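Structure, as structure tokens:
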Amino acid sequence: MLKSSAKVNDDAAFKTVEVKLCYAPISQVDRPWRKTHNELSRDRSCPHKIVSKPYDKIPQSLNWTVDRETPTGTYFIRAYGTDVNGYEVAYGQSSDAEKTTNLFSVEGISGRHTSLDIASICFSVFSFGSLLVFLVKEKRKAKLQQRK
């Protein structure tokens, strides 16, 4: 269990820093698979790993491009400090404790475009029309053969 009030007095406690993209509470509404738990093994609010690297006291920055698989939602960034055993001993985040400020939105790629929707409608209409023409021709052909 990780508490935000935990204090780490020595930087030597950190072995690695793991930075993750986390869902804001607004993106967790009616989505239990994104639910936040204080017990980290059950926490599902930070599934998107940005980077994991050895801890260094020197302030650093990172440029990261959002993956194509990242779903639409409102997010914030969280960094976990882990010890030698891999346990999270501290964390910091880009938002406040209530996760209401300094949030950003990601618009996911659905793979659907208006042009694809229009093309699928046109092909559907064409196939339905072709079916009707075929059925009408077959009926006429059958009637002509009955007359003979």
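The values are calculated or read from the model by the stated rules, or taken from the named source; none is laboratory data. Fair warning: this is a prediction, and the values are worked out from it, not measured in the lab. Cβ atoms come from the backbone with ideal geometry, glycine included; neighbour counts cover every protein chain shown. Note: areas computed on protein heavy atoms with side chains; ligands, DNA, RNA excluded. Shrake-Rupley method; radii C 1.70, N 1.55, O 1.52, S 1.80 Å.
Laid out as a table, the results:
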| quantity | calculated |
| --- | --- |
| Length-normalised contact order for segment 29-148 - Cα pairs under 8 Å, 6+ apart - percent | 17 percent |
| Accessible solvent surface per residue of the chain, calculated while the other protein chains remain in place, 1.4 angstrom probe, Å² | 78 Å² |
| Spin-label zone in segment 98-133 - amide nitrogen under 20 Å from a point set 7 Å from the Cα of residue 140 along the C-beta vector | 126-133 |
| Kirkwood Rh, angstrom, segment 109-148 [1 / mean 1/r, Cα pairs] | 12.5 Å |
| The chain - share of DSSP beta bridges that are antiparallel (%, nearest 5) | 100 percent |
| Residue 85-residue 50 pseudo-label distance in nm [points 7 Å out on the Cα-to-Cβ vector] | 2.8 nm |
| For the chain, convex hull volume per residue from C-alpha positions, Å³ | 188 Å³ |
| Size of electric dipole in the chain: Cβ of Lys, Arg +1 and of Asp, Glu -1, about Cα centre, debye, nearest 20 | 1720 debye |
| Theoretical FRET efficiency, 1/(1+(r/R0)^6), r = Cβ-Cβ of residue 115 and residue 68, R0 25 Å, to 0.05 | 0.80 |
| Gap separating the Cα centres of segment 31-96 and segment 131-148, nearest whole Å | 68 Å |
| Lysine-lysine proximity count for the chain, Cα under 19 Å, sequence distance 8 or more or distinct chains | 18 |
| Nearest-ten-degree value, helix 114-147 long axis tilted from longest Cα axis of the chain | 20 degrees |
| Cβ charges +1 (Lys, Arg) and -1 (Asp, Glu), total dipole of segment 36-96, debye | 120 debye |
| Counting all C-alpha pairs of segment 68-148, share separated by more than 22 Å (%) | 66 percent |
| Of all accessible heavy-atom area on the chain, the percent that carbon and sulfur account for (1.4 Å) | 55 percent |
